[in-house]
There are 2 protein chains.
Amino acid sequence: MPETARRTDRHSATRYGNRPTMKDVAARAGVGLKTVSRVVNGEPGVTPETEQRVQEAIDALGFRRNDSARVLRKGRTASIGLVLEDLADPFYGPLSRAVEEVARAHGALLINGSSAEDAEREQELGLALCARRVDGLVVIPAGDDHRYLEPEIRAGVATVFVDRPAGRIDADCVLSDNYGGARTGVAHLIAHGHRRIGFIGDMPRIHTAAERLRGYRAAMEDAGISVADAWMSLGVTVPERVRTAAEEMLSGPEPVTAIFTGNNRVTVTVIRVLAEHSRQVALVGFDDIELADLLRPGLTVVAQDSAALGRTAAERLFRRLDGILAGPERLELPTRLIARGSGELPPAD
Amino acid sequence: MPETARRTDRHSATRYGNRPTMKDVAARAGVGLKTVSRVVNGEPGVTPETEQRVQEAIDALGFRRNDSARVLRKGRTASIGLVLEDLADPFYGPLSRAVEEVARAHGALLINGSSAEDAEREQELGLALCARRVDGLVVIPAGDDHRYLEPEIRAGVATVFVDRPAGRIDADCVLSDNYGGARTGVAHLIAHGHRRIGFIGDMPRIHTAAERLRGYRAAMEDAGISVADAWMSLGVTVPERVRTAAEEMLSGPEPVTAIFTGNNRVTVTVIRVLAEHSRQVALVGFDDIELADLLRPGLTVVAQDSAALGRTAAERLFRRLDGILAGPERLELPTRLIARGSGELPPAD
DNA sequence: TAGAGCCTGGACAACGTTGTCACGAGCGGG
DNA sequence: CCCGCTCGTGACAACGTTGTCCAGGCTCTA
C-alpha cells in the first residue's frame, strides 16, 4: 500500500494528528464521497439505511467537517470581524457581546481583535481579518485614514464603523450623539447655577473628543458664558495628565465650580482628585460607570448605550450582506442624562 | 473567451465581488503562479525586477491572499479559540485581552465566543471553533462534562481550561486559588473580631463557588467557630436572590456582623443592601471591582488576576502546540487580599 | 569552448469540501 | 414489453493556495 503509507507519512510530518476526512468516512461506510457530504449537511436523497451506516462511520472515526475547506468552496465564511480598541475596557465588552449576539442570530461567528488605540495595528488587524475572508467587518477606528479598506469593501466585505466615523472613505457608521450629549450635560450644570465649568477630554484628533468639546462650547454659548482657555484641557487620558489638568482648573483666583469629563477614564481620575479636594465641585461625566450610584455623591453621567451601538452596527452589517441597503449612511444614537447627585451640587462660592 | 466569461458568471452568481486570485495576478504580471506565491510570501528566488512587476499587479488588482485556502493547504490555521461566559463581564474582558496578546505574540488570531453560562452553548461553540480548525482552544467551562472535546484533543487541538477545571476528561487547567483566597479573606474578618460571618455565593455545582465555600468553612473551623446553616446562602447570583439572602442574614436575633461574598456580582448587590442598612457590617468580596477604592468605606477584596489567568493559559497552550509539554497539569495562581476599609470594620455589637 | 553548477521560473498535484452531472435500478403507463 | 420517469448514488472538477520537481538560461572554470 504505498498510497496509504505515503499519506500517513505526509500527515504526521506536516500536521499533528490525523483528522479523518469525508474520504475516510466514505471508505469505512462503503459509500461514495458525495453521499457522506449529503449526510453531513442533511441534504435529502439518502435512504435511512445508508444514512445510518454513514453516521456510524462518522461517530466511530470522530469525524468533523473541515469548515476551512467548506469556506473555500462556498465563498461565504459565516464569520464577521470586529476591530476594537481594547476588550478590557468596560465600554467595549458589552459592545462586543452585542455584536456577537447578532452574529449568532445570523449563524455567524465573531472574530475580534484589539487595536490598542494604534492606527497601524488597526490596519494590520482589519486586513488580517479580510485575509480570513470574513463576510463583514465592524471597525471602531483608531486611525483616521481607512482607504486601506477600499479594495475590500469593493470586493464585497460589508463594513460598518462604530463609535467614530471612517476616515477618508465613504462608509456606514453608527455613532452616539456626542455633541448633543455633551451639550445636554453641560447645560445641566449651567441649570444648577454653574458658570465656571471645566472640560477635560481626550486628544482633539479623536472624533468623539472633538464632538464633545463642540457640545461643551455650544452649551456655554447658549447660556451666554464666554469660555476661558484655562477651563479646557484636551490630551491623552493617562491619570497623570488628567490629574494635573484638574488641579490647575481647581486652583488659581477663579477656580471652576464644576467639571465636565469627556470619557470614563477621565471621569475616574477626576473623581479621585475631587475626593482629595476640600471644596465641593460638581461633576458630570460622559459614559456611565459601574457602581456610579454607590459613590457619595452618586455620579451624574451622560450615558451612551454601548450594547445598542454594537447591535445597531451588526444589524446594519447583516442587512448590507443581504443586499438590502443602498448607499452608506450615518446613524446617530441618543445619549441619556442620568442624574445621581454629583451633577446637581450647587456652586461652592 | 468562453473560459473567462464562464468564470465571471460563476463568480457573480455564488459570491459577491470578484476577488482577484494569484492566477489573476500572475496573468497580469506575465509570470507563473508560483512566482506570485513566492513574492507574496517573501520567499527567495525572485529577481528584483520580477518582484516589482508582481507587486505592481498585486497593488493594481487589490489582491489579498486567501488565508482559507492557505490554511487548507498548510494544516495550521494560526488561530486559537476562546470560549468564555460573557465578554461583557468585567472579569473576562482583561482575561480575553491577555489571551489575545499572547496569541498575537505567536502570530495567531483569536476567535472568541460567549457561552452565556449555558453548557449546551459552550459545546456548540467549542465544536464550531474546532470545525474552523483552530490550533488550540481556551475554555472557561460552563458545563461539567467535556468529553465532547476528547476526539478534538486526540486530533491535536491543544486545549486549556481556565477558571474552572474540565469535567470528566483529563486536561490542562489554570485556576485561581479559590480555596486559599476565601480562607484568607474570611480569616481576615475573624482577625478583626468577627465570629458571626455570612457567606453568599454562586450555585454549588460551579467549581469556584464550591471551593470558596470550602475556604470559608476551613477558616471558620480554624478559629473554632461552628457555622450556622443560616449564615450560608448558595444559589444563582441574580440581585433579587442575593438581596433576600443578605437581608435574612442581617435580621433575626443573632445577625451576622460581617459578610464574605463569593464573586463580584454578589458583592455589588450586597454593597447596595448594606448602603440601605443602618448598622455597620463588615464586607470582604471575592474578585476586585473597579472603583472599589472610591467607595466609603473602601471595599476590601480577595483579588484574582484575571489577566494572569488568561496569559498563563495561553502560554501553556502555545507551549503545548510546540510539543514541549508532557501530560496535563493543573496550575493554581495565587490571590491577593487588598484591604481598603470594609473588611476592617469591627463587629457592630 | 564545453561542461558543471547555480539561479530563476513554471507545471502540476494536493489540501477537504461541494456543485454538477450522469448512471443504473425500479416502476408505472401506454 | 418497452419507454420514460424518478430516485439514490457516485465520479469528477473546482475553490485558491503551497510544496515538489523539472527545465532552461546563466556564470564560472578547466
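The values are calculated or read from the model by the stated rules, or taken from the named source; none is laboratory data. Only a predicted model underlies this, so the values are computations on that prediction, with no experimental measurement involved. Because the Cβ atoms are built from the backbone with ideal geometry, glycine has one as well, and the counts that use them run over all protein chains shown.
Of all residues in the range A:143-184 being in contact (Cβ under 8 Å) with a residue 60 or more places away in the chain and within 14 Å of chain B (Cβ to nearest Cβ), which is surrounded by the fewest Cβ atoms within 10 Å (Cβ to Cβ)?
A:A158
For the subset of the range A:98-116 comprising residues that are in contact with a strand residue (DSSP E or B) (Cβ under 6 Å, 6 or more places away or on another chain) and assigned to a helix (DSSP H, G or I), which member is surrounded by the most Cβ atoms within 10 Å (Cβ to Cβ)?
Only one residue fits best here, namely A:V99.
Kindly establish whether B:G285 is over 20 Å from B:E85 (Cβ atoms) and part of a strand (DSSP E or B).
no
Could you please find all residues in the range A:289-313 being modelled with pLDDT under 95 and assigned to a loop (DSSP other than H, G, I, E, B)?
Matches in the range A:289-313: A:I289, A:E290, A:L291, A:L295, A:R296, A:P297.
Mind checking which pairs have a first residue in the range B:119-136 that is within 18 Å of A:R70 (Cα to Cα) and a second that is in a helix (DSSP H, G or I) and among the aliphatic types (A, V, I, L, M), Cβ under 6 Å, 6 or more apart or different chains?
B:D135/B:L321
List the pairs whose first member sits in the range B:310-332 and is over 16 Å from B:R154 (Cα atoms), whose second member is among the small types (G, A, S), and whose Cβ atoms are under 6 Å apart, counting only residues at least 6 apart or on separate chains?
B:G310/B:A98; B:R311/B:A98
Quick one: which residue in A:G285, A:G298 is over 22 Å from the mean Cα position of the chain (by Cα) and surrounded by 17 or more Cβ atoms within 10 Å (Cβ to Cβ)?
A:G298
Would you please name the residue that is surrounded by the most Cβ atoms within 10 Å (Cβ to Cβ), looking only at residues in the range B:238-270 that are closer than 14 Å to B:I197 by Cα and polar (S, T, N, Q)?
For the range B:238-270, the residue satisfying everything is B:T261.
Only one of (1) more than 8 Å from every other protein chain (Cβ to nearest Cβ); (2) of a type outside the set (V, I, T); (3) farther than 30 Å from B:V138 by Cα fails for B:G81. Which number is that?
Checking B:G81 against (1) more than 8 Å from every other protein chain (Cβ to nearest Cβ); (2) of a type outside the set (V, I, T); (3) farther than 30 Å from B:V138 by Cα, the one that fails is (3).
Looking at the range A:71-88, which of its residues are without any contact (Cβ under 8 Å) to a residue 40 or more places away in the chain and more than 9 Å from DNA strand D (Cβ to nearest atom)?
Matches in the range A:71-88: A:D86, A:L87, A:A88.
Looking for something modelled with pLDDT of 90 or more and either away from chain A (no Cβ under 11 Å) or assigned to a helix (DSSP H, G or I) (or both) - is there at least one such residue anywhere in the range B:12-21?
yes
Check A:S306 against each of (1) closer than 24 Å to A:V157 by Cβ; (2) surrounded by fewer than 19 Cβ atoms within 10 Å (Cβ to Cβ) and name the one condition it does not meet.
(2)
With the condition kept exactly as written, say whether any residue in the range B:40-52 is in a helix (DSSP H, G or I), surrounded by 18 or more Cβ atoms within 10 Å (Cβ to Cβ) and within 12 Å of DNA strand D (Cβ to nearest atom).
No, that holds for no residue.
With the structure loaded, tell me whether B:G201 is in contact with a Lys or Arg (Cβ under 8 Å, 6 or more places away or on another chain), over 22 Å from B:A308 (Cβ atoms) and more than 14 Å from every other protein chain (Cβ to nearest Cβ) or whether it fails that test.
Taking the combined requirement at face value, the residue satisfies it.
Which of the residues spanning the range B:28-71 are within 30 Å of A:L87 (Cα to Cα) and within 14 Å of DNA strand C (Cβ to nearest atom)?
Residues satisfying the conditions are B:R65, B:N66, B:D67, B:S68, B:A69, B:R70, B:V71.
Please count how many residues of the range B:136-152 are assigned to a helix (DSSP H, G or I) and under 20 Å from B:R164 (Cβ atoms).
Adding up the residues that qualify gives 5.
Taking the stated definitions as given, is B:R132 within 11 Å of another protein chain (Cβ to nearest Cβ), over 25 Å from B:L72 (Cβ atoms) and in contact with a strand residue (DSSP E or B) (Cβ under 8 Å, 6 or more places away or on another chain)?
no
Looking at the range A:72-91 only, could you name the residues that are crowded, with 16+ Cβ neighbours inside 10 Å and either among the aliphatic types (A, V, I, L, M) or within 12 Å of DNA strand C (Cβ to nearest atom) (or both)?
A:L72, A:G75, A:R76, A:A78, A:I80, A:L82, A:V83, A:L84, A:L87, A:A88, listed by residue number.
Does B:R133 fit the bill of being over 18 Å from B:R164 (Cβ atoms), buried (at least 17 other Cβ atoms within 10 Å of the Cβ) and within 16 Å of DNA strand D (Cβ to nearest atom)?
Yes: the conditions hold for B:R133.
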